[in-house]
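Enquirer: One structure, as structure tokens, below. Some questions next.
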Amino acid sequence: MRRRVKLFIKANNFPWETFKKYWKNSSRSELLMDILFPFIISAGLMWLTSFYIDDFSQLIEKFQQLSGQLIAAISILAGFNIASITIISTANEPTNRLRQIPSTTNRSMSMYEVLISFFTWAVIIQLIVVLVGIILFYAGSLVPSNLYHEIPIWAWIVSIFVLFITIHSMFISIRNMKTLFLYVTYTPPSPPPPGT
């Protein structure tokens, strides 16, 4: 039984392994931008919301309204990141060059592996956002609209988490777009003229 559990975890730990690679290979400034800022924005938005909403069904209704738009927008972002992975993996010359350059943060990985891990984490977190949005949309439809109930602490925590992973996925896509731009427009330095 224990062996089966280990095999199950090993077969399904790809998101966790990808997150570890993303975390390990991101610089401090990148982590501040990708994780701390989205958390501050999410907590700030929920703090402001707490002044205007005190009913649990109202909070659910707001997230239901947001879910439909989020699912569509985040799905497009996930498609962009998947297309970017395809572009990177099919460009022969730049890819071969990146495979030979070791990462500055983790010498056991090449720059190519680091690049792919960033885009892969973006796709995973965006699909998680879509999944959470679908679950919240369905769960919210089960809450009666005329039910008045004070918003519990766990609902605020869930709200902050949902906003956080959504904003986090967008910030990662912005960074990935910059990375893709630098990757596509990169031109190797020209060799020095002979005799110098």
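Enquirer: Could you grab me the full set of residues in the stretch 46-81 that are assigned to a loop (DSSP other than H, G, I, E, B) and either in contact with a Phe, Trp or Tyr (Cβ under 7 Å, 6 or more places away or on another chain) or touching a residue at least 60 places away in the same chain (Cβ under 8 Å) (or both)?
Expert: Ser50, Ile53, Asp54
Listed here are the residues, each with its yes/no results for (1) farther than 15 Å from Gly79 by Cα; (2) over 9 Å from the mean Cα position of the chain (by Cα); (3) assigned to a helix (DSSP H, G or I); (4) at pLDDT below 85.
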{"residue": "Ala122", "(1), (2), (3), (4)": "no, no, yes, no"}
{"residue": "Ile125", "(1), (2), (3), (4)": "no, no, yes, no"}
{"residue": "Val129", "(1), (2), (3), (4)": "no, no, yes, no"}
{"residue": "Ile135", "(1), (2), (3), (4)": "yes, yes, yes, yes"}
{"residue": "Ala139", "(1), (2), (3), (4)": "yes, yes, yes, yes"}
{"residue": "Trp154", "(1), (2), (3), (4)": "yes, yes, yes, no"}
{"residue": "Phe171", "(1), (2), (3), (4)": "yes, no, yes, no"}
{"residue": "Asn176", "(1), (2), (3), (4)": "no, yes, yes, yes"}
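Enquirer: Looking only at residues that are part of a helix (DSSP H, G or I) and of a type in the set (Gly, Ala, Ser) in the stretch 8-43, which one is surrounded by the most Cβ atoms within 10 Å (Cβ to Cβ)?
Expert: The residue in question is Ser42.
Enquirer: Hey, another quick one. Give Ser42, Ser29, Ser50 a once-over and let me know the one that is under 19 Å from Asn176 (Cβ atoms) and of a type in the set (Gly, Ala, Ser).
Expert: Exactly one of Ser42, Ser29, Ser50 is under 19 Å from Asn176 (Cβ atoms) and of a type in the set (Gly, Ala, Ser), namely Ser29.
Enquirer: Can you name every residue in the stretch 37-73 that is within 15 Å of the chain's Cα centre (by Cα) and under 15 Å from Phe161 (Cβ atoms)?
Expert: Pro38, Phe39, Ser42, Leu70
The values are calculated or read from the model by the stated rules, or taken from the named source; none is laboratory data. Since the structure is predicted, the reported quantities are computational estimates derived from the model, not experimental observations. Ideal geometry is used to build each Cβ from the backbone, glycine not excepted, and the neighbour counts take in all protein chains shown.
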